[in-house]
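FYI, it's all coordinate maths here, none of it is from the lab. Keep in mind the model is a prediction, meaning the values are calculated, not measured. We place every Cβ from the backbone using ideal geometry, glycine too, and count neighbours over all the protein chains shown.
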Amino acid sequence: MIFYCIFAARYFIQKNSIDMVIERTASEFVIRFPFTTNSERMQDMIDYLRYRELTANYSTAQSEVDNLARTINQKWWERNQSKFE
């Protein structure tokens, strides 16, 4: 799995001419981006990777996830409905 991810990332980088380097050391992955990289997109990626790392060992039924999403969406709509009227 790790090899595939590295291969896929390198293929994407080479195909799209992005100057990004992914390096694997004995204890960590190091990803280097050029300074000109969009910082919002990079932060989104970092947040997603952090989320995946934090939830890697959790197992939850899809119905629980659906209920939580429904609750969050309902509360968001209650707070923001007036902005759309």
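Provide the gained length on full extension for the span Glu53 to Glu85, in nm with one decimal, where the gain is 0.36 nm per separating residue minus the Cα-Cα distance. Please report the intermediate quantities before stating the final value.
Details: separation 32, 0.36 × 32 = 11.52 nm, distance 3.94 nm.
Extending this stretch completely gives an extra 7.6 nm.
Order these by the 10 Å Cβ neighbour count, fewest first: Tyr58, Tyr51. Can you show the working numbers first?
Values: Tyr58 6, Tyr51 10.
In increasing order of surrounding Cβ atoms, one gets Tyr58, Tyr51.
Testing the spin-label approximation: label points 7 Å from Cα along Cα→Cβ at Phe29 and Thr71. State their distance in nm.
Between Phe29 and Thr71, the label points sit 3.1 nm apart.
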